[in-house]
1. Per DSSP H run of at least 4 residues, take -39500 (n - 2.57); add these up for the chain, divide by its residues and hand me the 222 nm value, nearest 500 deg cm²/dmol.
2. Can you count the Lys pairs in the chain with C-alpha separation below 21 Å, eight or more apart or on different chains?
3. Would you mind calculating the gained length between Lys33 and Phe92 on full extension (0.36 nm times residue separation, minus the Cα-Cα distance), in nm to one decimal?
4. Please report, in debye to the nearest 20, how large the charge dipole of the chain is about its Cα centre when each Lys and Arg carries +1 at its beta carbon and each Asp and Glu carries -1 there.
5. Per residue of the stretch 72-89, in order, report the coupling 6.51 cos²θ - 1.76 cosθ + 1.60 (Karplus, θ = phi - 60°) as ³J(HN,Hα) in whole Hz, putting x for Gly and Pro.
6. Given the convex hull over the Cα atoms of the chain, what projected area results after averaging over all orientations, in nm²?
7. Below 8 Å, C-alpha to C-alpha, sequence gap of six or more: please give me the relative contact order for the stretch 1-59 in percent.
8. With angles folded into 0 to 90 degrees, how steeply does helix 3-26 sit against the dominant principal axis of the chain? Use alpha carbons for both and round to 10.
Amino acid sequence: MEIDALAKGVGIFSSALTALKQAVDLLPHNSKKEEAATALERAEREFKIAEAEVAKKLNYEICRKHFPPGIMLLKGEYNWECPECKNTINTFPGLPSFRPDLEADMT
Ligand SMILES: [Zn+2]
């Protein structure tokens, strides 16, 4: 699939999720609402994974400190920060495997 189409799809799905969330909020409190909220949570989780896949294809770094993964944002030429957990990594070309977050997970 073309990356543009994939990115557009993720954007559309994101808007749909927001609309659905608002709809679920308006439902009366009963078991159906709980069911809908659970299904929505599952969809949101899958969406975040798809979003991370797109981000990876667009050369973004992915934060692996939590799941679903976070999309890291560039804070300097080689410094990336996860907006969710503030995890940072350095992707300086001389340090291709410098991932303190990954090393911490292995212990
Ligand atoms: Zn993170």
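Nothing in this text is a laboratory measurement; each read-out follows from the coordinates by a stated rule. Keep in mind it's a predicted model, so treat the numbers as computed, not measured. Cβ placement follows ideal geometry from the backbone for every residue including glycine, while neighbour counts extend to all protein chains displayed.
1. Only helices count here, giving -18500 deg cm²/dmol.
2. For the chain, the number of qualifying lysine pairs is 19.
3. Values: separation 59, 0.36 × 59 = 21.24 nm, distance 4.80 nm.
Stretched fully, the Lys33-Phe92 segment lengthens by 16.4 nm.
4. On the way: 14 positive and 17 negative charges, 23 e Å.
Dipole of the chain, to the nearest 20 debye: 120 debye.
5. Rounded to whole hertz, the list is 7, 10, 6, 10, x, 4, 10, 9, 10, 10, 7, x, 7, 10, 6, 4, 10, 9.
6. Numbers: hull surface 36.3 nm².
Seen from a random direction, the Cα hull of the chain projects 9.1 nm² on average.
7. Values: 20 pairs, mean separation 31.4, N = 59.
RCO, the stretch 1-59: 53 percent.
8. Between the helix axis and the principal axis of the chain, the angle is about 40 degrees.
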